[in-house]
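Presented below is the structure to which this report refers.
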Amino acid sequence: PQRIYYLSLEFYMGRTLQNTMVNLGLQNACDEAIYQLGLDLEELEEIEEDAGLGNGGLGRLAACFLDSMATLGLAAYGYGIRYEFGIFNQKIVDGWQVEEADDWLRYGNPWEKARPEYMLPVHFYGRVDHTPEGVKWVDTQVVLAMPYDTPVPGYKNNTVNTMRLWSAKAPNDFNLQEFNVGDYIEAVLDRNLAENISRVLYPNDNFFEGKELRLKQEYFVVAATLQDIIRRFKSSKFGCRDPVRTCFETFPDKVAIQLNDTHPALSIPELMRILVDVEKVDWDKAWEITKRTCAYTNHTVLPEALERWPVSMFEKLLPRHLEIIYALNQMHLDRVAALYPGDIDRLRRMSVIEEGDCKRINMAHLCVIGSHAVNGVARIHSDIVKNSVFKDFYELEPEKFQNKTNGITPRRWLLLCNPGLADVIAEKIGEDFITDLSQLKKLLDFINNESFIRDVAKVKQENKLKFAAYLEEQYKVKINPSSMFDVQVKRIHEYKRQLLNCLHAITLYNRIRSNPSKSFVPRTIMIGGKAAPGYHMAKMIIKLITSIGEVINNDPCVGDKLKVIFLENYRVSLAEKVIPAADLSQQISTAGTEASGTGNMKFMVNGALTIGTMDGANVEMAEEAGEENLFIFGMRVEDVEALDRQGYNAQEYYQRLPELRQAIDQISSGFFSPRDPGCFRDVVNMLMYHDRFKVFADYEAYIKCQGQVDQLFMDPREWTKKVIRNIACSGKFSSDRTIMEYAREIWGVEPSATKIPPPNLPRD
């Protein structure tokens, strides 16, 4: 069968124990066995560390995809880096984020198996020799890549795929070559330099930091993985008579490489280098093979997130790859020039090499020219990709561009994290929805069924009580479990507009204070997420949230009506607890900035209602459930563009909207930071004078929309009916559907639903 290789620098796996039991159909048996030993399985599960080898959406998507690929019976491999330290643990110390190293391997990792027999060399630095026998990359430094395999079980189908993560090892002669005679101790200590490659995950979400160590990581995973792919291709003799396969004609029919963002983009020049320099394939043939093999998924349109590596860094670290990129770019530009004679500006726009004070390599452009398919991750995002980010490339090759709307695995994000809801659903429609989530549509028949409405509401209430108990036990915070659980959990970023949420919280607080006797829909506003350690504004946003909480939660005239909680150290295992307990899901990015979002889908399937902008997959969620069943507000992409042309003027909103002015004045005057009145001047200054994400422009619509949320929440029966409608319409957002589309439309393989016989039964 064709093999699928999913290359990603991040796999945000979370915990494995419960997921393995669920997918093997062993959960009840294990539960019972552990109980008979006088232990509590849930207590045991809490001991396992999260595998936090990702930042957020991109890394978690890779993890969901692995689950779906195994469940669909695809011959798929996930390839990445075995970081010794994953995403940092977040501590909140007097309201500020403090990072702590995530030493997740401290007590060992029972799910992985080292495979030293497949260790491979990876080369760096050196120089290029052009000889009559061909091109040679010589005098390189070698680092060894040690593979660690983690099993990826499909759901009850006896399929187990592999995630292979590479760890860096120094070779035994590292730094002990002839020029280093004498300082043996120093040389052995220097082994750390090589092994640092797989030491730590870069903690940036949607931001490019052009560090040499990061470029090394990107080449390290690519070089090791491609050797593995080619070894496997050569050793399987698909009806090939050669004792060792040397013909690469069939390579793209047997191998599909999916690039998760531009991080593994070096796959393109590396595959070219192997084919041309090592395997002696003709250049044009090699280019055809490369393009037919690779496909690229774009994850963001934010300019600060695009990878643009300095040519000078490449020249030093990967001299041969730089030559290949130059040659590929020349070929590409010749083609563009032939089609658009005299259009010099188009050549500049479309070049892989950006000229300027510092020449840079645009990795996204490299991916587009080197792939046969380019996809965005939600329909609105794919349209933006075609019409703005890669407009010129779309005009050149429109057939390359596709949409593949993201999804989430219903195994982890429904069955595992919300067994109560899964049971209530299965009672009504059977268990097939677990591998065919579109079957949730059958729940529409029960939208007016009183006992079902009651059951769904009861499960939500139990989840809320359980989460409230967890918060009290872990963080000593008491919350009102009958209040609306209003949740925004995601990485802290200006474009995700946690600040808009803050302004709503302050506005509610001011309304309570000015009219304490008025009846009020009680809310617990929970905001959680990590800020990149170097992202000053994101860290200020966390401090603002905790400061607002400090004031509101200690004001006696507020009482049980309003609480603001910052959820510390948000991660996969915490998401599994908070999402099933949420009533309201906040998805409030500026239209046109969130490529897809996947948290939005998790909340939807778990019975929360969404307040959100028409951005990312929210658009398709509204389309599936009906716009009237989500709380949609604010500017659309067209409105944002119009406002950009007109010029966004924050002061105008500040002058016109008294509640907004009051909130900003409070932040600015030190009302929320009495010990340091100037604490938030940077935040206020940003909001007033250079807010790229137009928080004030959506404030009025947001506050009004939140009023509609309050209205509906006061009618629990109508609220729950809307919840059921949302759950029933969430089937599209299974990663099984997403992977089926990748398989058929990009990889050219058919998923199989057939369950292979278990290993204890003889095969046919």
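The values are calculated or read from the model by the stated rules, or taken from the named source; none is laboratory data. Just so you know, these numbers come straight off a predicted model, no measurement behind them. With ideal geometry, Cβ positions are generated from the backbone for all residues, glycine too; neighbour counts draw on all protein chains shown. When the accessible area is computed, the model is the full protein with side chains, heavy atoms only, and any ligands, DNA or RNA have been set aside. Shrake-Rupley method; radii C 1.70, N 1.55, O 1.52, S 1.80 Å.
Observations on the model:
- Selection among Val138, Leu643, Leu306 by position relative to the dipole of the chain gives Leu643 as farthest towards the positive end (Cβ unit charges, Cα centre).
- When the pairs Lys442/Lys496; Lys460/Lys755; Lys386/Lys464; Lys561/Lys721; Lys732/Lys755 are compared against a 31 Å limit on Cα-Cα distance, Lys442/Lys496; Lys460/Lys755; Lys386/Lys464 fall above it.
- For the set Leu266, Leu306, solvent exposure ranked by accessible area (probe 1.4 Å, protein chains only) runs largest to smallest as Leu306, Leu266.
- Site pair Ala426 and Ile185 shows an inter-label distance of 6.3 nm when each label is modelled 7 Å from Cα along Cα→Cβ.
- Rounded tilt (10° steps) of 57-71 against the dominant C-alpha axis of the chain: 70
- Of all DSSP beta bridges in the chain, antiparallel share, percent nearest 5: 45
- Relative contact order computed over the stretch 354-427 (Cα-Cα under 8 Å; 6+ residues apart), in percent: 27
- Note on surface exposure: Tyr107, Tyr470 rank Tyr107, Tyr470 by accessible area, highest first, 1.4 Å probe.
- Only helical runs count toward this figure. For the chain, summing -39,500 (n - 2.57) over DSSP H runs of n ≥ 4 and dividing by all residues gives -12500 deg cm²/dmol at 222 nm.
- Cα shape, the stretch 284-359, gyration tensor, a/c 1.5 rule: rounded
- Extension gain (nm, one decimal) between Ala701 and Asn449, 0.36 nm per residue minus Cα-Cα: 87.3 nm
- When only the Cβ of Lys, Arg, Asp and Glu is charged (+1, +1, -1, -1), the dipole of the stretch 419-733 relative to its Cα centre reaches about 820 debye.
- Mean Cα-pair separation over length for the stretch 541-652, i.e. relative contact order, pairs under 8 Å, 6 or more apart, %: 19
- Crossing angle, helix 283-293 versus the chain [Cα axis fit, 0-90 degrees, rounded to tens]: 30
- Averaging the sequence gap over all C-alpha pairs within less than 8 Å and six or more residues apart, then dividing by the number of residues, gives the stretch 419-733 a relative contact order of 22 percent.
- Per-residue HN-Hα couplings for the stretch 430-437 [Karplus 6.51, -1.76, 1.60; θ = phi - 60°; Hz; x = Gly/Pro]: x, 9, 5, 4, 5, 10, 8, 5
- Here, the stretch 412-525 yields an orientationally averaged convex hull projection of 10.2 nm² when only Cα atoms define the hull.
- Heavy-atom SASA rank of Val695, Val128 (probe 1.4 Å, accessible area, largest first): Val128, Val695
- Degrees, to the nearest 10: 450-475 long Cα axis against longest axis of the chain: 80
- Of every Cα-Cα pair in the stretch 350-433, the percent that sits beyond 18 Å: 60
- Between Lys441 and Gln177, the modelled label-to-label distance comes to 6.3 nm, taking each label 7 Å out from Cα in the direction of the beta carbon.
- Overall, the accessible surface of the chain at a probe of 1.4 angstrom is composed of carbon and sulfur to the extent of 52 percent.
- In a fully extended conformation the segment linking Asp715 and Arg127 would gain 204.5 nm over its present Cα-Cα distance, using 0.36 nm per residue.
- Per-bin percent of Cα-Cα distances, the chain [10 Å]: 2, 13, 23, 25, 19, 11, 4, 1, 0
- Projected area, mean over directions - the stretch 419-733, Cα convex hull, nm²: 16.1
- The stretch 94-226 shape via C-alpha gyration tensor axes, a/c threshold 1.5: prolate
- Cα gyration tensor shape for the stretch 445-486, rounded if a/c is under 1.5, else prolate or oblate: prolate
- Each peptide in 71-83, 704-716 gets a packing score, the mean of other Cβ atoms within 10 Å over its residues, and the list from highest to lowest is 71-83, 704-716.
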